[in-house]
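Chemist: Take this structure, written in structure tokens, and hold onto it; I'll ask about it next.
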Amino acid sequence: MYGVILGKNPELSKAEFYAHSKRFRLRVKPMEEAREWIVFESKPSIEKYFRWLGGSLKLVKIVGEGENAVKNLEYSKLFTVSLYGKNDWRFWRKLGSTVKREFKKKGPAKFFKPAKVYSMPAELILKGFPKVKDVVILFRNDGSFLVGETIEITDPFELKKLDVERPVQRPILSIPPRLARIMVNLTEVRKGKFLDPFCGIGTVLQEFVLQGLVAYGSDRDEKRVREARKNIEWLRREFRLKNSAHLKVCDARKLKKCFREKFDAIVTEPYLGKPLRRNLSRGEAIKLANELDKLYFPVFESFSDVLKRNGKIVFVFPAYRLKDGGIYRKERKWLEKLGFEVLGRYLDYEERHRLIRDIHVIKKKS
């Protein structure tokens, strides 16, 4: 039995986790869920494919329930304790001492206790303490808990490298590599041809290429296409990849003129409007969304021309934080009229954001 620790956006992370399991045919069977974690049964290949998750932090092997389960942990000279679902300093110290006593039956043991940290960050496990065992406690609502140990971690250093070490960067306007990975998983498509028709500097394309997918990208701005090509070439050198991406200068409203191919999936973040200097009123948000739909409607007409039947689209629409503290998310009924079905919608934002990503998972009807 396994557990997965979800990232800072649990709803989106959970959706990605289940889409990822279908994408890689991992036969995940959920057993228990909480806000921060999922416990499940799965094929052992989950350990191999876990690295392709963007929204989850750790893969945990569950060894038992309650304090007695520490006897089932594999010995380690250096260990820490991570709590999920509850912050309790006394319990954290007490359980750490219990683990230490158990490990000392087999050899020397040291409890690593980072200051004011109840869950060990992946950066410390991977960088500062590569041999540390991360003992994980998953709290249920009734106060009982499961015990496990981290066996795989999403590599934050790789994701950071994909972002800040590439030759061309656009920190404010570019989609984060972690989110690009999430969006690729949300397609549930494992093999085939993938397109990003608003490729910009190529963040989504990087993920296509990194995963060995048949990658296509386009942008109507010739400069952006050159920058994307430069980033892809850097990616190929840094990660020693043989595959690349097919890039074209093309208006996303006229894809049929640029591509003869039919695509299995489209993953993209389009132009979302100018940066906002303040929170909008509801009326202002409605007006802005309607203006942008004048772009999005012909774009989806164009998608119909190049997407296979039952093909998937993961598309970022804009949503807006309002003056009254609410969020405006437009319902786009015209998608159904064009022959598309919305399978899921997920917000991705931080409290400081005025413009919010409203991620849609969409299928072209057969």
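Chemist: Being under 21 Å from Val184 (Cβ atoms) and either surrounded by fewer than 17 Cβ atoms within 10 Å (Cβ to Cβ) or of a type outside the set (A, V, I, L, M, F, W, C) (or both) is the filter here, so list the residues in the stretch 303-316 that pass it.
Modeler: Selection gives Lys308, Arg309, Asn310, Gly311, Lys312.
Chemist: Follow-up. Tell me which of these Ser218 doesn't satisfy, since it passes every other one: (1) surrounded by 18 or more Cβ atoms within 10 Å (Cβ to Cβ); (2) over 22 Å from the mean Cα position of the chain (by Cα); (3) assigned to a helix (DSSP H, G or I).
Modeler: (3)
Chemist: Please verify whether Leu162 is in contact (Cβ under 8 Å) with a residue 24 or more places away in the chain, within 23 Å of Gly273 (Cβ to Cβ) and within 20 Å of the chain's Cα centre (by Cα), treating the condition exactly as stated.
Modeler: no
Chemist: Of everything in the stretch 200-225, what is in contact (Cβ under 8 Å) with a residue 40 or more places away in the chain and closer than 9 Å to Val249 by Cα? Give them in sequence order.
Modeler: Residue satisfying the conditions is Ser218 alone.
Chemist: Continuing with the same structure: So which residues in the stretch 272-302 are surrounded by 13 or more Cβ atoms within 10 Å (Cβ to Cβ) and either within 26 Å of Lys193 (Cα to Cα) or among the polar types (S, T, N, Q) (or both)?
Modeler: Leu272, Asn279, Ser281, Leu295, Tyr296, Phe297, Pro298, Val299, Phe300, Glu301, Ser302
Chemist: With (1) open to solvent by 10 Å² or more (accessible area, probe 1.4 Å); (2) under 28 Å from Ile46 (Cα atoms) as the list, and Ile137 as the residue in question, which single condition is left unmet?
Modeler: All conditions pass for Ile137, except number (1).
Chemist: Residues Lys230, Lys161: which one is open to solvent by 40 Å² or more (accessible area, probe 1.4 Å), in a helix (DSSP H, G or I), out of contact with any Asp or Glu (no Cβ under 9 Å at 6 or more places or on another chain) and not acidic (Asp, Glu)?
Modeler: Lys230
Yes/no per residue for (1) closer than 27 Å to Ser281 by Cα; (2) open to solvent by 50 Å² or more (accessible area, probe 1.4 Å); (3) of a type outside the set (Asp, Glu); (4) assigned to a strand (DSSP E or B):
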site	(1), (2), (3), (4)
Pro318	yes, no, yes, yes
Arg332	yes, no, yes, no
Ile362	no, no, yes, yes
Ser366	no, yes, yes, no
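Chemist: Shifting gears a bit: Mind checking whether some residue in the stretch 292-305 is outside any helix (DSSP H, G or I) and touching a residue at least 12 places away in the same chain (Cβ under 8 Å)?
Modeler: Taking every residue of the stretch 292-305 in turn, none turns out to be outside any helix (DSSP H, G or I) and touching a residue at least 12 places away in the same chain (Cβ under 8 Å).
Chemist: What number of residues within the stretch 93-116 are in a loop (DSSP other than H, G, I, E, B) and surrounded by fewer than 16 Cβ atoms within 10 Å (Cβ to Cβ)?
Modeler: So the answer is 9.
Chemist: Follow-up. Within the stretch 1-42, can you find the residues that are part of a loop (DSSP other than H, G, I, E, B), more than 21 Å from Gly85 (Cα to Cα) and open to solvent by 10 Å² or more (accessible area, probe 1.4 Å)?
Modeler: Phe24, Arg25, Arg27, Val28, Ser42
Chemist: Before we move on, is Ala109 in contact (Cβ under 8 Å) with a residue 12 or more places away in the chain, over 30 Å from Leu186 (Cβ atoms) and out of contact with any helix residue (DSSP H, G or I) (no Cβ under 9 Å at 6 or more places or on another chain)?
Modeler: no
Chemist: Anything in the stretch 187-215 that is in a helix (DSSP H, G or I) and open to solvent by less than 10 Å² (accessible area, probe 1.4 Å)? List them, or say none.
Modeler: Within the stretch 187-215, Thr203, Val204, Leu205, Gln206, Glu207, Phe208, Val209 meet the criteria.
Chemist: Okay, next question. Give the residues of the stretch 229-254 that are of a type in the set (A, V, I, L, M, F, W, C), more than 20 Å from Pro167 (Cα to Cα) and touching a Pro at 6+ places or on another chain (Cβ under 6 Å), sorted by residue number.
Modeler: Scanning the stretch 229-254 gives a single hit, Ala252.
Chemist: Here's something else I'd like to know. Report, by residue number, each residue of the stretch 63-91 that is touching a Phe, Trp or Tyr at 6+ places or on another chain (Cβ under 6 Å) and either exposed (fewer than 14 other Cβ atoms within 10 Å of the Cβ) or not in a strand (DSSP E or B) (or both).
Modeler: Residues satisfying the conditions are Tyr75, Gly85, Lys86, Asn87.
The values are calculated or read from the model by the stated rules, or taken from the named source; none is laboratory data. Here the structure is a predicted model, which means the values were calculated and not measured. With ideal geometry, Cβ positions are generated from the backbone for all residues, glycine too; neighbour counts draw on all protein chains shown. All accessible areas refer to the heavy atoms of the entire protein, side chains included, with ligands and DNA or RNA removed. Shrake-Rupley method; radii C 1.70, N 1.55, O 1.52, S 1.80 Å.
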